[in-house]
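**Student:** Would you mind keeping the following structure in view while I ask a few things?
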Amino acid sequence: MNTTQRVRRMGRTWAVFGLLMVALHVALIAAWVAFDPAQTRSVGTIIVLVVVYLGVLAVLVIGFASALGQASLPVEYREAAASGIELQARVIDVQQTRWHSRPGDPINFAPRPTRRVYQIRVQVTPEDGQPYEAELTEWLISSDVPKVGATVPVKVHPRYPEVAVLVRDHRQ
């Protein structure tokens, strides 16, 4: 899955979250009008509305954070990284995309390396079968980018051999 496909998935997640937030606020306004706390002078009604609103808001935010994480890295890729078959692959091509991030907190002014998204085409060599090509999309700092022609370890999903991820000591 390339970066554009991931961004589309994340965009849909943001759109659904936005629509759910609008629906939540419309429901809050409708409940406020229906119960009309000014007319009954009931503080209990206001407290109930606020508690229900905050509870639904918390569920939406937690659900959104989870969905956004799943959209940015689909389950097949997480499974490949966690329990994939480790194989060797030869790097055929490396392309830097326009996507990048500068991790770190904004108060600390220490220089930190910029991570960029690279699309890496590799030829995977299975132990018992024909070599095939796969495309990896990885966030890497420039010193971790493999050179064309290099052999790198990859983990391949057991059921979907086209899904592969680089093996690294640590994932950031």
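Values quoted throughout were computed directly from the atomic coordinates according to the rules given, and no laboratory measurement underlies them. All values derive from a computational prediction rather than experimental measurement. A quick note on method: Cβ atoms are made from the backbone with ideal geometry, for glycine too, and the neighbour counts reach across all protein chains shown.
**Student:** Under a 5 Å amide H to amide H cut-off, with H placed in plane at 1.01 Å, what residues pair with Y132 once short-range neighbours are removed?
**Tutor:** V124
**Student:** Label V26 and L60 with points 7 Å out from Cα along Cα→Cβ: what is the distance between them in nm?
**Tutor:** 1.2
**Student:** Using a Förster distance of 35 angstrom, determine the FRET efficiency expected from the C-beta separation of Q88 and W14, and round it to 0.05.
**Tutor:** The calculated FRET efficiency here is 0.35.
**Student:** OK, next. Once fully extended, how much extra length lies between V43 and E127, figured as 0.36 nm per residue of separation less the alpha-carbon to alpha-carbon distance?
**Tutor:** Stretched out fully, the V43 to E127 stretch lengthens by 23.2 nm.
**Student:** Go ahead and run the numbers for FRET between R98 and S143, Cβ-Cβ distance against an R0 of 22 Å, rounding to 0.05.
**Tutor:** Using R0 = 22 Å, I get an efficiency of 0.65.
**Student:** Starting at the first residue of the stretch 133-140, write each ³J(HN,Hα) from the Karplus equation 6.51 cos²θ - 1.76 cosθ + 1.60 with θ = phi - 60°, in whole Hz, x for Gly and Pro.
**Tutor:** Residue by residue, the stretch 133-140 yields 9, 9, 10, 10, 10, 9, 7, 9 Hz.
**Student:** Using alpha carbon centroids, what distance separates the stretch 1-68 and the stretch 69-98, in Å?
**Tutor:** That distance is 34 Å.
**Student:** Quote the FRET efficiency, to the nearest 0.05, computed for V167 versus V51 with a Förster distance R0 of 41 Å and r equal to the Cβ-Cβ distance.
**Tutor:** Using R0 = 41 Å, I get an efficiency of 0.30.
**Student:** Taking only Cα atoms, what is the 0 to 90° angle, nearest 10, from helix 43-72's long axis to the longest principal axis of the chain?
**Tutor:** Roughly 10 degrees, rounded to the nearest 10.
**Student:** Just to be sure I understand, if you calculate P(r) over Cα pairs in 10 Å bins from 0, in percent for this structure, which of [x] 8, 18, 24, 26, 18, 5, 1, 0; [y] 9, 26, 24, 16, 12, 8, 4, 1; [z] 10, 38, 36, 15, 2 do you get?
**Tutor:** [y]
**Student:** Helix 3-35 versus the longest principal axis of the chain: what is the Cα-based angle in degrees, 0 to 90, to the nearest 10?
**Tutor:** 10
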